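Asker: Handing you this structure, nothing more for now.
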Amino acid sequence: MRTLMNTITTLTSSILLIVLVFGCNSKNKKSVESTQNAASQNVLSPVIDSIHSEIHNGDFGLIDRFMVTQNEAVLADFKYEQDYETIVQEYDTTHHQYNFNSVEWHPYYKETELHTLQSVTKSITAILFGIALDANPDYSVTDKAMPLLTNEEDTIRDARKEKITIEDLLTMRSGLKWNEETDHNDTTNDCFRLEASDHWIDYVLSRPMDTLPGSKFVYNGGGTVLLGKIIRTITDKRIDKWAEEKLFGPLGITEYYWKETPDGEIDTEGGLYLKAEDLAKIGSLLLNKGKWNHTQIVSENWFTTSTSPIVKGVKPHWGNKTGYGYQWWIPEYNDDGKPNIYAGNGYSGQYLMMNPKYNLIVVFNGWNINDQPKKSTWRVLQDRILPALENK
């Protein structure tokens, strides 16, 4: 039912230092980074080869891309071809942007190299929100959200709803009653219902309150939809145009696709498609604390707060307890809250994972929507790559 063919082998040492992203560094810094890259390559080669072999054998299910970079240099880059047309034949393949078995839309956008990011979209939305607040200091995360969701009607009147702040939305603590823990195709799943609706903002605002804002973490893609609408209110630009101007343009990201909702908004909870190389650029921006080519794209303060475990001990349905910041997961952090890993995590195997100590970025694209693989690539950086470097 599926074929798995490796089309890119382990990179040779002659192209080890191909620069993935462009920045001006001193010769001394480059020398130190080159030495670190070479040392890491020696240590990680057998680990990376082992992971690649397990992917090839199907242990991680359907994987489309596996990249490892350090100091903006490629340590490994593998691309895998899957026969999705054959794989999904037994399922409904109706061509619709929210039918995940439609090969016209998933996992690549219409046979391009643009790969669905699913909920990694949320993390990129958070960067764009930080840029919006940097540019508009009259607003802050303590502002109430409801007054910024202009011209919206038919909301359930509840005094608790009026108390929801921007930060409550950023940290998934809005207090709205929301079910996103069941299978995506479960018709009781609020994300399924959201994506099937014609008026996304109205759908989210129609949800009743469950708890006091700020008191309880509940994973809620609808809250991120509201954040996208608030960006439009603050900047007077739809988020895709804001991204082109303030993030994608400066980073040299020239190709992307972002799903549009039936009422003309942009799907900020899971609708963005990027090339893996461009997703790694987002990781590089974060490892450089919001800076790109000596230009501060998003403030260092926003970066630091976003990647800090504001909410601790979160137990998502797909993994161990972790921390959560502003739409970023923090799988590992020290007692003082300093992150060892921060990451974007998207449905069916979209991962952007960063380790600041070794300046590492790991990117995975996959599409495990119908079968549960034996192993998860979500744990690769934490359980395989970092221990090898720590024990060298």
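Asker: Here are T233, T182, T254: which of them is among the polar types (S, T, N, Q) and under 26 Å from S284 (Cα atoms)? Before you say what the answer is, go through the steps one by one.
Answerer: Details: T233 fails: under 26 Å from S284 (Cα atoms); T182 fails: under 26 Å from S284 (Cα atoms).
Exactly one of T233, T182, T254 is among the polar types (S, T, N, Q) and under 26 Å from S284 (Cα atoms), namely T254.
Asker: Something else: Working only within the stretch 165-182, note down all residues that are closer than 13 Å to L212 by Cα and not aliphatic (A, V, I, L, M).
Answerer: Answer for the stretch 165-182, where residues must be closer than 13 Å to L212 by Cα and not aliphatic (A, V, I, L, M): T165, D168, R173, S174, G175, K177.
Asker: Please give the number of the condition K110 fails out of (1) under 13 Å from W258 (Cα atoms); (2) part of a helix (DSSP H, G or I).
Answerer: The failed condition is (2).
Asker: Kindly indicate which of H106, H96 is surrounded by fewer than 18 Cβ atoms within 10 Å (Cβ to Cβ) and either among the small types (G, A, S) or not assigned by TED's automatic domain parsing to the domain that holds M353 (or both). Can you show your working first?
Answerer: Values: H106 fails: surrounded by fewer than 18 Cβ atoms within 10 Å (Cβ to Cβ).
One residue alone meets the criteria, H96.
Asker: Shifting gears a bit: I'm trying to understand the selection: among the residues of the stretch 171-211, which are in contact with a strand residue (DSSP E or B) (Cβ under 8 Å, 6 or more places away or on another chain) and not charged (D, E, K, R)?
Answerer: Answer for the stretch 171-211, where residues must be in contact with a strand residue (DSSP E or B) (Cβ under 8 Å, 6 or more places away or on another chain) and not charged (D, E, K, R): T171, M172, G175, L176, V204, P208, M209.
Asker: Can you name the residue in the stretch 172-188 that is in a loop (DSSP other than H, G, I, E, B) and crowded, with 22+ Cβ neighbours inside 10 Å and, of all such residues, is nearest to the chain's Cα centre (by Cα)?
Answerer: M172
Asker: Follow-up. Being over 21 Å from Y326 (Cβ atoms) and of a type in the set (S, T, N, Q) is the filter here; which residues of the stretch 260-294 pass it?
Answerer: Within the stretch 260-294, T261, N293 qualify.
Asker: Another question, if that's okay. When E245 is evaluated against the numbered criteria (1) touching a residue at least 24 places away in the same chain (Cβ under 8 Å); (2) out of contact with any strand residue (DSSP E or B) (no Cβ under 8 Å at 6 or more places or on another chain), which criterion, by number, is the only one it fails?
Answerer: The number of the failed condition is (1).
Asker: A further question on this structure: When you scan the stretch 156-167, do you find a residue that is in the same structural domain as Y347 (by TED's automatic domain parsing), in contact (Cβ under 8 Å) with a residue 40 or more places away in the chain and under 30 Å from W367 (Cα atoms), even just one?
Answerer: Checked the stretch 156-167: no residue is in the same structural domain as Y347 (by TED's automatic domain parsing), in contact (Cβ under 8 Å) with a residue 40 or more places away in the chain and under 30 Å from W367 (Cα atoms).
Asker: From the list E104, E153, exactly one residue is out of contact with any strand residue (DSSP E or B) (no Cβ under 9 Å at 6 or more places or on another chain) and at pLDDT 95 or above. Which is it? Even if it seems obvious, please write down each step before you answer.
Answerer: Working: E153 fails: at pLDDT 95 or above.
Result of the check over E104, E153: E104.
Asker: Restricting to the stretch 35-88, what's the tally of residues that are part of a helix (DSSP H, G or I), touching a strand residue (DSSP E or B) at 6+ places or on another chain (Cβ under 8 Å) and among the small types (G, A, S)?
Answerer: Total meeting the criteria: 1.
Asker: Got a sec? Which strands (runs of 3 or more DSSP E) wholly within the stretch 310-392 have at least 1 residues that are at positive phi? Don't jump to the end; show me each part of the working.
Answerer: Details: elements: 311-314, 322-324, 329-333, 339-346, 350-355, 360-366.
In the stretch 310-392, the matching strands (runs of 3 or more DSSP E) lie at 311-314.
Asker: Would you point out which residue out of G228, G252 is closer than 26 Å to T112 by Cβ, in contact (Cβ under 8 Å) with a residue 60 or more places away in the chain and surrounded by fewer than 17 Cβ atoms within 10 Å (Cβ to Cβ)?
Answerer: Going through G228, G252 in turn, the sole match is G252.
Asker: Can you find, within the stretch 285-321, the residue that is farthest from E332 (Cα to Cα) among those that are surrounded by 22 or more Cβ atoms within 10 Å (Cβ to Cβ) and among the polar types (S, T, N, Q)?
Answerer: S306
Asker: Let me ask another. Looking at the stretch 324-337, which of the residues that are in contact (Cβ under 8 Å) with a residue 12 or more places away in the chain and not hydroxyl-bearing (S, T, Y) is surrounded by the fewest Cβ atoms within 10 Å (Cβ to Cβ)? Break it down into steps so the answer makes sense when it comes.
Answerer: Initial filter on the stretch 324-337 (in contact (Cβ under 8 Å) with a residue 12 or more places away in the chain): 324-333, 337.
Next, from what is left, pick out any that are not hydroxyl-bearing (S, T, Y): 325, 327-332, 337.
Values: G325: 24, Q327: 26, W328: 28, W329: 25, I330: 24, P331: 21, E332: 17, G337: 13.
Of everything passing the filter in the stretch 324-337, G337 is surrounded by the fewest Cβ atoms within 10 Å (Cβ to Cβ).
Asker: Let me ask something else about it. For I361, which of the numbered conditions (1) free of Cβ contacts under 8 Å to residues at least 60 places away in the same chain; (2) surrounded by 17 or more Cβ atoms within 10 Å (Cβ to Cβ) fails to hold?
Answerer: I361 satisfies every listed condition except (1).
Asker: Output the residues belonging to the stretch 113-146 that are in contact (Cβ under 8 Å) with a residue 60 or more places away in the chain, assigned to a loop (DSSP other than H, G, I, E, B) and not aliphatic (A, V, I, L, M).
Answerer: Across the stretch 113-146, the qualifying residues are E113, Q118, S119, N136, Y139.
The values are calculated or read from the model by the stated rules, or taken from the named source; none is laboratory data. Nothing here was measured: the structure is a model prediction, and the numbers come from that model. All Cβ positions, even for glycine, are placed from backbone atoms using ideal geometry, and neighbour counts span all protein chains on display.
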